[in-house]
Amino acid sequence: MLDLVLAVLHHLLILSMAGLLATELVLVRPGVGGPSLTTLALIDAGYGATATLVLVVGASRVFFGAKGSAFYLENPVFWAKIAAFAMVGVLSAWPTLAFFKWRKQAKADLAFAPSTDEVARIRRLMGLELAVFALIPIFAAAMARGYGL
């Protein structure tokens with residue numbers, strides 16, 4: 001039963017991350033400002049917290065799940081999945097820093113809105129983040145089917 005609970009939690013958390021990232025992408029658009037920046041910062045904090053939970057639950061699956069740690073730790077596809085997750089984390093740092101900066105500027109100037117160029121740059125990074133994020137379930141599906149062993 002523990003294996004099932006961990007798998008379900010892990011999948012729901014990954015889906016939540018995808019939803020939060022998609023929501024951020026919708027909110028980051030030219031003219032974003034004011035209360036939308038506060039909402040964006042809260043969603044981004046939720047995204048970070050959810051990513052942390054994904055790691056905790058994922059590690060629990062590796063060490064307490066039915067397949068055993070050797071299934072994961074000896075599988076190069078597992079490590080590709082972990083590398084993709086780490087890359088998503090690295091790519092998410094730039095938008096997070098931008099949101100923090102924008103929110104700080106909006107507190108000082110209620111009329112603040114980031115430049116169109118800044119928004120476009122962050123949207124491109126978020127698009128790349130989404131593309132790399134899409135690799136995670138691809139690697140998971142391959143791993144579940146025995147690839148890499």
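The values are calculated or read from the model by the stated rules, or taken from the named source; none is laboratory data. Given the structure is predicted, the values throughout are model-derived calculations rather than measurements. Every residue, glycine as well, gets a Cβ built from its backbone with ideal geometry; the counts of neighbours run over all protein chains shown. For the accessible areas, the whole protein counts, side chains as well, though only heavy atoms, and no ligand, DNA or RNA atoms are used. Shrake-Rupley method; radii C 1.70, N 1.55, O 1.52, S 1.80 Å.
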Based on Cβ point charges of +1 for Lys and Arg and -1 for Asp and Glu, what charge dipole magnitude is obtained for the chain about its Cα centre, in debye rounded to the nearest 20? 80 debye
Given a 1.4 angstrom probe, what's the average accessible area per residue across segment 1-142, in square angstrom? 54 Å²
Not counting ligands, DNA or RNA, and with a 1.4 Å probe, what is residue 6's accessible surface area in Å² rounded to the nearest 10? 20 Å²
In segment 80-149, if the dipole is taken from +1 on Lys/Arg beta carbons and -1 on Asp/Glu beta carbons about the Cα centre, which of 138, 125, 112 is farthest to the positive end? 138
Share of segment 1-121's accessible area from carbon and sulfur, percent, 1.4 Å? 73 percent
Nearest 10 degrees is fine. How inclined is helix 2-27 to the longest principal axis of the chain, computing both from alpha carbons? 20 degrees
Just to confirm the number: angle between the C-alpha axis of helix 116-144 and the first principal axis of the chain, 0 to 90 degrees, nearest 10? 10 degrees
Over segment 15-109, what is the mean sequence separation of C-alpha contacts under 8 Å (at least six apart), divided by residue count, expressed as relative contact order in percent? 36 percent
Taking a cut-off of 18 Å between Cα atoms, list the aspartates and glutamates near residue 81, but don't count ones fewer than 8 places away on the same chain. 129
Segment 49-117 - charge dipole about Cα centre, Lys and Arg +1 at Cβ, Asp and Glu -1, debye rounded to 20: 160 debye
Heavy atoms of the protein only, probe of 1.4 Å, neighbouring chains included. What is the accessible area of residue 82 in Å², nearest 10? 60 Å²
Rounded tilt (10° steps) of 35-64 against the dominant C-alpha axis of the chain: 10 degrees
